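The next block holds one structure in the form of structure tokens; read it before the comments.
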Amino acid sequence: MSSANRPAPPDPKDFIGFERLLDPEERLLMDTVRRWVGDRVLPSIGDWFDAGILPRELATELGGLGLLGMHLDGYGCPGASAVEYGLACLELEAGASGLPSKGSVQASLAMFPIREYGSEDQRREWLPRMASGEVLGCFGLTEPDSGSDPGSMRTAARRDGPDWIINGTKTWISNGSVADVAIIWARTDDGVRGFIVPTDTPGFTARDIPRKLSLRASHTSELALDDVRLPREAVLPGVSSLRGPLSCLTEARYGIVWGSIGAARACYEAALDYSTTREQFGRPIGAFQLIQRKLVEMMVSVNRGLLLAHHIGRMKDRGLARPEHVSLGKFDNVRVALDVARTARSVLGANGITLDYPVMRHMNNLESVITYEGTDEIHTLILGQSLTGFQAFN
Ligand code: TGC
Ligand code: FAD
């Protein structure tokens with residue numbers, strides 16, 4: 001091979017040339033979201049995290065970019081591919097984990113059940129306004145005594161003439177206090193059913209969970225449903241078992257497969273930049289072997305995680321991805337991202353614990369990501385069952 005034809009040296013921030021695996025539309029989408037995050041999010045995210053807020057108008061802007069419900073089709077949704085949706089999650093979470101909570105909770109947990117299990121009237125009523133960001137949704141599955149085991153939920157809905165009456169408490173609900181509509185899962189005489197609950201319905205209240213040290217730039221709430229009366233048409237007609245909420249989780253977990261690597265990438269890049277400018281003992285710390293080892297480990301983890309996300313995405317687009325594949329991606333990419341964040345934190349020394357750098361913010365957020373959408377242990381057991389055929393949850 002002549003030297004003219006030799007491949008260019010690897011880019012430290014895209015070592016395997018990941019973007020070459022993408023087609024031009026995918027690259028354009030990735031660049032667009034990355035630019036938006038750079039302009040709108042990165043300059044303020046430290047302050048938002050500090051103050052424990054995420055401005056409501058970001059949802060409208062995400063809607064304007066076509067990112068809310070982008071992998072759904074019809075009813076104002078663009079019908080993007082799974083890989084495109086994943087790339088958007090990657091870039092959003094490289095900015096902040098609260099953003100996918102806006103995007104993915106809206107798309108995969110609030111819009112997806114309406115698209116998948118809703119009536120034609122429900123889809124027409126809610127989806128276009130949710131795709132634009134005018135209406136914000138949340139997803140109420142977890143309860144104070146029912147986290148990893150949603151089958152033990154107590155929230156119950158009973159019929160009263162033509163109406164439904166719902167009572168119960170949901171907790172740790174992303175977007176709960178700012179949502180206009182909640183998808184509430186409740187047990188009924190026919191099994192577990194989903195209800196579309198406008199949050200201004202009498203008897204529905206939401207309050208934010210205080211003193212959070214993780215996902216601070218995101219609302220996480222407790223919802224109380226006290227004799228909430230809903231019309232017959234509030235129930236999602238298409239599902240009456242735990243398969244309903246669990247299938248939504250598969251969609252949202254898929255977004256995490258990508259998003260967690262976005263957070264890891266941001267941490268790795270911060271550490272790489274820091275290592276070339278911070279000097280100790282008369283040299284940039286990146287010149288020390290022990291720091292180079294950390295940089296290499298992080299770079300390898302990020303690239304491996306990207307390849308796994310991309311592979312699962314292509315499988316999903318071909319209809320080949322099963323929930324277990326998504327569990328594999330969620331399980332491995334989140335724990336890898338946490339390792340990367342912790343390693344990057346150490347490279348930044350004391351500066352690593354401040355909000356002047358993104359690392360500790362991502363690290364704290366990833367402590368939520370490893371718990372929500374199925375904990376590390378639950379995904380281990382899902383994978384263990386898939387390998388052995390034995391169910392080890394109880
Ligand atoms: P099991 O008997 O296994 O299943 C019941 C029915 O559901 C089906 N199913 C699935 N379908 C689609 N996708 C999946 N991932 C599915 N998993 C199960 C299953 O085939 C069956 O269908 P059918 O038709 O036979 O009725 O259910 P189980 O009660 O034994 O539970 C199994 C287990 C432990 C894996 C499940 O409960 C589980 O995944 N637990 C974890 C709970 C969890 O992930 N909660 C997340 C709450 S939402 C959230 O965290 C949002 S974070 C928001 C943010 O991003 O900000
Ligand atoms: P538990 O289920 O009580 O688990 C405690 C520990 O025991 C964990 O380590 C767990 O892995 C382990 N454990 C449990 N069962 C087993 C077992 N069989 N074998 C081995 N170990 C086990 N929920 C929603 O419905 N909607 C949302 O929008 C939402 N957003 C969230 C946002 C944030 C920031 C957080 C932190 C959580 C959110 N959740 C949401 C809740 C989340 O899904 C739950 O926290 C998660 O499912 C775990 O439930 P738990 O916290 O009750 O822990």
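The values are calculated or read from the model by the stated rules, or taken from the named source; none is laboratory data. Bear in mind the structure is a predicted one, so any value in this text is a computation, not a measurement. No Cβ is skipped: glycine too gets one built from the backbone with ideal geometry, and neighbour counts run over all protein chains shown. Note: areas computed on protein heavy atoms with side chains; ligands, DNA, RNA excluded. Shrake-Rupley method; radii C 1.70, N 1.55, O 1.52, S 1.80 Å.
List of remarks:
- Taken together, the residues in segment 15-34 that are closer than 15 Å to Y85 by Cβ and not in a helix (DSSP H, G or I) amount to 2.
- Given (1) open to solvent by less than 70 Å² (accessible area, probe 1.4 Å); (2) in contact (Cβ under 8 Å) with a residue 40 or more places away in the chain; (3) more than 20 Å from N351 (Cα to Cα), number of the condition I209 does not satisfy: (2)
- Complete set of residues in segment 154-172 that are within 11 Å of ligand 1 (Cβ to nearest atom) and crowded, with 22+ Cβ neighbours inside 10 Å: K170
- Lone unmet requirement of (1) farther than 13 Å from P113 by Cβ; (2) in contact with a Pro (Cβ under 8 Å, 6 or more places away or on another chain) for C248: (1)
- Qualifying position, being touching a residue at least 40 places away in the same chain (Cβ under 8 Å), more than 11 Å from ligand 1 (Cβ to nearest atom), buried (at least 18 other Cβ atoms within 10 Å of the Cβ) and under 17 Å from T250 (Cα atoms), among H310, H362: H310
- Only one of G259, G203, G194 that is within 16 Å of ligand 1 (Cβ to nearest atom), among the small types (G, A, S) and more than 17 Å from E367 (Cα to Cα): G194
- Selection of segment 14-47 for residues being surrounded by 13 or more Cβ atoms within 10 Å (Cβ to Cβ) and over 22 Å from the mean Cα position of the chain (by Cα) yields D14, F15, I16, L21.
- Residue tally, condition of a type in the set (D, E, K, R), in a helix (DSSP H, G or I) and within 16 Å of ligand 1 (Cβ to nearest atom), over segment 94-152: 3
- Per-region count, segment 76-132, residues open to solvent by less than 10 Å² (accessible area, probe 1.4 Å), out of contact with any strand residue (DSSP E or B) (no Cβ under 8 Å at 6 or more places or on another chain) and polar (S, T, N, Q): 2
Each row is one residue, and each column tells you yes or no for (1) more than 10 Å from ligand 2 (Cβ to nearest atom); (2) among the polar types (S, T, N, Q).
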site	(1), (2)
A350	yes, no
P358	yes, no
E377	no, no
L383	yes, no
S386	yes, yes
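- Unmet requirement for Y274, which otherwise passes all of (1) touching a helix residue (DSSP H, G or I) at 6+ places or on another chain (Cβ under 7 Å); (2) assigned to a loop (DSSP other than H, G, I, E, B); (3) hydroxyl-bearing (S, T, Y): (2)
Let's see how each residue does on (1) buried (at least 21 other Cβ atoms within 10 Å of the Cβ); (2) under 20 Å from the mean Cα position of the chain (by Cα); (3) under 22 Å from D145 (Cβ atoms):
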position: R193; (1), (2), (3): yes, no, yes
position: T199; (1), (2), (3): no, no, no
position: H219; (1), (2), (3): yes, yes, no
position: V228; (1), (2), (3): yes, no, yes
position: S240; (1), (2), (3): no, no, no
position: G255; (1), (2), (3): yes, yes, no
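- Y75 vs. criteria at pLDDT 95 or above, hydroxyl-bearing (S, T, Y), away from ligand 2 (no atom under 13 Å from the Cβ) and over 27 Å from V302 (Cβ atoms): yes
Yes/no matrix, rows are residues, columns are (1) touching a residue at least 40 places away in the same chain (Cβ under 8 Å); (2) within 16 Å of ligand 2 (Cβ to nearest atom); (3) not polar (S, T, N, Q):
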{"residue": "L109", "(1), (2), (3)": "yes, yes, yes"}
{"residue": "D121", "(1), (2), (3)": "yes, no, yes"}
{"residue": "W126", "(1), (2), (3)": "yes, no, yes"}
{"residue": "T142", "(1), (2), (3)": "no, yes, no"}
{"residue": "N167", "(1), (2), (3)": "yes, no, no"}
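- Members of segment 365-394 found to be aliphatic (A, V, I, L, M) and away from ligand 1 (no atom under 14 Å from the Cβ), listed by number: L387
- Test for R304: is it among the basic types (K, R), open to solvent by 40 Å² or more (accessible area, probe 1.4 Å), under 21 Å from the mean Cα position of the chain (by Cα) and away from ligand 1 (no atom under 16 Å from the Cβ): yes
- Looking only at segment 211-245, and only at residues there that are out of contact with any helix residue (DSSP H, G or I) (no Cβ under 9 Å at 6 or more places or on another chain) and β-branched (V, I, T), the one that is nearest to D121 (Cα to Cα): V235
- Looking only at segment 365-394, and only at residues there that are in contact (Cβ under 8 Å) with a residue 24 or more places away in the chain, of a type in the set (S, T, Y) and in a helix (DSSP H, G or I), the one that is least open to solvent (accessible area, probe 1.4 Å): S368
- Members of segment 162-179 that are in contact with a Ser or Thr (Cβ under 6 Å, 6 or more places away or on another chain) and outside any strand (DSSP E or B): G176, S177, A179
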